[in-house]
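A.B. asks: Sharing a structure below in structure tokens format, with a few things to ask.
Rule-based calculations on the coordinates, nothing more; no lab input. Keep in mind that what you see is a predicted model, and the values were worked out from it rather than measured. Heads up, the Cβs are rebuilt from the backbone with ideal geometry, glycines too, and the neighbour counts pull from every protein chain shown.
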Amino acid sequence: MNTVEQHKQEKHPLDVIDDVYDYADEELSFEEIEARAGGGEWERLKWAGMYAQKQEGYFMIRTKVPGGKLTPEQAEVIGEVTDDLAVAPEEYGGEEQNELWGDAYLDITTRQDIQKHWIRVEDVPEMWDRYDEVGLTTVQGCGDSARNVLGCPAAGLDDHECFNAQPVIEAVSDFFTENREYANLPRKFKITITGCAHDCAQSQINDVGLVPAKKEIDGEYLYGFHARVGGGLSDGPRMSSELDAFIRPEDAVEFCRAVAQTFKELGDRNNRGVCRMRYLVEQLGPEKFEEAVRDRCTIDLPTGGQNLTVGYQGDHVGVHEQKQDGLNYVGFNVIAGRMGGDEFAEAARAAETYGTEDASVRLATDQNFLITHIPDEHVDDLLAEPFAQEYSPDPGPFSRGAVGCTGNEFCNYAIIETKKRTKRWARELDDRINVPDDIESIRMHMSGCSASCAQPQIADIGFRGETVKLEDEDGDDIVEGMDFGLGGSLGADNEFLDWVESAVPADSVIPALEQLFEAYSEDRDDDEQFYEWCRGVDNAELRSIMQGADAPVARGVAHGD
Ligand code: SF4
């Protein structure tokens, strides 16, 4: 049994939540917490949504937001709690801790969560109390259990949707949250559910993805879901496989429970490197996996019907008419997902001021956010708000598609800095590169290591952090760099990108991109997207184009080689 399994056997990981109140009361240090618990608490704290920061004594806390949907009141509390409790201490620079975002900011993640940093254990109960008042939770934000359930941030608003799946998302999330029977799975378990044909909820890269379908049953056409299973990124990326089953919305909780049961019983608990559900699906094959799920499901699931998914069609940035007459949602662009707590609270208050009583703040899987239910006559007022200038709904294409993980500022695994670099590069690239007018977004995703939190494999341009050893006349120099991938996308033409070049020094990347986009603009067919063009050019040619840059793409020696 591996160490993490041992820690989960010694004490049920959900029991850590009660203990946090004692640790907070006594203001215990991290060592004292470990000593009190007899070891392994660092792992179990993840079930409370708490992840030890690399700065000792501080935690990252992850707030789950099912389907990304927040009331304005909830969003305001998140912003205010960030400003009050997630504050960089003086010993780490205080207001100057981060030169772009100051000392109190939050991160919108690719799983529609909110992450805050610099939280001390003694402040957690206050945060939870304030969360309880508005129905928010951090429970199972991390750890080997069902994580935040994803969905389309425009659920209930968009013409592309077949039906509104938000109630199903909430039912599935409620079932798994604090459910002791399913809180200790072999590894994390990621679910996404959408009723929209565009599938921006990323069913192809989740453990379980429910996507819209239609089937005639007893002479009646019913809307429900088809299921995809076993998708994921990181090392060993895999596109999910479709099962031959039709799931009525009212059966979705039971179906997801049966999949979790299958994973719980048959998943590998020994080797954490290969114990994600996609390895089980791969090992059994989708047909046998489906049999295993059906054996454990209390409902007799009909075979599949008509698939209604068309595929991923971009993002939600900009002003969009809702299907409800006279109402709009506005998608704001948050480069790398990071913004000040005060700014998020300001956006929440604007939703309340300008929106109808149904107004909401919605988090998207591309780290942006939406404000919904804005009547036509208030759109201009909303767009004139100060936060809307920084988080523009009309950004340049690189800013619009920029995604960044936490990086070495806080993450123990990171090899490079990512958040600041993503924002600076996106802005610089928007200034320096003229992309063809019909291209609204260039998806540029930067992960600080191979763990893929920024989802580089599905981007037009993907980076994963590396250190690079440069050799020159002054001797050896170690600099930050990245593996450089091109040509990924989800949707109808889904494909993971190709890692075209390894260990590129960070300073060489922008000149290399300038060369690439010059070639793309000259060479593309009508309407050809950047990722499509990259797929059509072989890797040796892509490398040669990049090396033609004024500052050539230097080849380095990858860390660990
Ligand atoms: Fe950390 Fe790596 Fe995830 Fe980035 S991708 S947040 S560096 S684990």
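A.B. asks: Calculate the translational D of the stretch 166-307 in whole µm² s⁻¹ from Stokes-Einstein, where the hydrodynamic radius comes from the Kirkwood formula applied to all Cα pairs, the temperature is 20 °C and the viscosity 1.002 mPa s.
C.D. replies: The Stokes-Einstein estimate is 142 µm²/s.
A.B. asks: Just to check, using Stokes-Einstein with a Kirkwood Rh over alpha carbon pairs, what's the diffusion coefficient of the stretch 235-321 at 10 °C and 1.306 mPa s in µm²/s?
C.D. replies: My calculation gives 105 µm²/s for D.
A.B. asks: Would you mind checking the radius of gyration and Dmax of the stretch 16-82 based on alpha-carbon positions, in Å?
C.D. replies: Using the Cα atoms of the stretch 16-82, the pair Rg, Dmax is 14.1, 42 Å.
A.B. asks: Please list, in order, the residues from the stretch 252-280 whose amide nitrogen is less than 20 Å from a point placed 7 Å along the Cα→Cβ vector of ASP300.
C.D. replies: Zone members listed by number: 252-256, 258-259.
A.B. asks: Which log10 I(q)/I(0) values, to two decimals, does the chain give at q = 0.06, 0.09, 0.11 Å⁻¹ under the Debye formula with one point per Cα?
C.D. replies: Results for the chain at q = 0.06, 0.09, 0.11 Å⁻¹ read -0.29, -0.67, -1.04.
A.B. asks: Next question, about the same structure. Please list log₁₀ I(q)/I(0) at q = 0.25, 0.26, 0.27 Å⁻¹ for the stretch 438-505, using the Debye equation with identical point scatterers on the alpha-carbon positions.
C.D. replies: -1.00, -1.05, -1.10
A.B. asks: What lysines sit close enough to LYS288 to cross-link, taking a C-alpha to C-alpha distance under 19 Å and skipping anything fewer than 8 places away on the same chain?
C.D. replies: Candidates past the 8-residue exclusion: LYS264.
A.B. asks: Let me ask you something else. When the helix-only estimate is applied to the chain (DSSP H runs of n ≥ 4, each -39,500 (n - 2.57), divided by the residue count), what is the mean residue ellipticity at 222 nm, nearest 500 deg cm²/dmol?
C.D. replies: Using -39500 (n - 2.57) per qualifying helix, the result is -9000 deg cm²/dmol.
A.B. asks: Suppose every K and R has +1 on its Cβ and every D and E has -1 on its Cβ; what is the size of the dipole of the chain about the Cα centre, in Debye to the nearest 20?
C.D. replies: So the magnitude is around 2100 debye.
A.B. asks: For the stretch 219-232, take each phi angle, set θ = phi - 60°, evaluate the Karplus expression 6.51 cos²θ - 1.76 cosθ + 1.60, and give the result in whole Hz per residue in order, putting x for glycine and proline.
C.D. replies: In residue order, the calculated couplings are x, 10, 7, 10, 8, x, 10, 9, 10, 10, 9, x, x, x Hz.
A.B. asks: Moving on. Dividing the convex hull volume of the alpha carbon atoms of the stretch 399-547 by its residue count, what do you get in Å³ per residue?
C.D. replies: Given the Cα convex hull of the stretch 399-547, per-residue volume reads 113 Å³.
A.B. asks: Something else: Relative to the present Cα-Cα distance, how much length would full extension add between VAL274 and GLU170 at 0.36 nm per residue of separation?
C.D. replies: 34.5 nm is the gain from fully extending VAL274 to GLU170.
A.B. asks: Right, here's the next one. With the Cα gyration tensor of the stretch 372-469 in hand, give its eigenvalues times 5 under a square root as the equivalent ellipsoid semi-axes, listed largest first in whole angstrom.
C.D. replies: Here the semi-axes work out to 30, 16, 12 Å.
A.B. asks: From the mean inverse distance of alpha carbon pairs (Kirkwood) and the Cα radius of gyration, derive Rg over Rh for the stretch 298-396.
C.D. replies: 1.11
A.B. asks: Using only Cα atoms, what Kirkwood radius does the stretch 54-176 have, in angstroms?
C.D. replies: Over the stretch 54-176, the inverse of the mean reciprocal pair distance is 15.6 Å.
A.B. asks: Of the listed peptides 32-39, 221-228, what is their order by residue-averaged count of other C-beta atoms within 10 Å, with the highest listed first?
C.D. replies: The peptides rank, most packed first, as 221-228, 32-39.
A.B. asks: Which of SER240, TYR312, ALA350 sits farthest toward the positive end of the charge dipole of the stretch 211-353, with +1 on the Cβ of Lys and Arg and -1 on the Cβ of Asp and Glu?
C.D. replies: So the residue furthest toward the plus end is SER240.
A.B. asks: If you don't mind, another one. Going 7 Å from the Cα of GLU91 toward and past its Cβ, which residues in the stretch 18-48 have a backbone nitrogen under 16 Å from where you end up?
C.D. replies: Counting backbone N atoms under 16 Å from the label point, the list is 27-33.
A.B. asks: Could you give the nm distance between label points at TRP42 and LYS323, where each point is 7 Å from its Cα heading toward the beta carbon?
C.D. replies: The two pseudo-label positions are separated by 4.9 nm.
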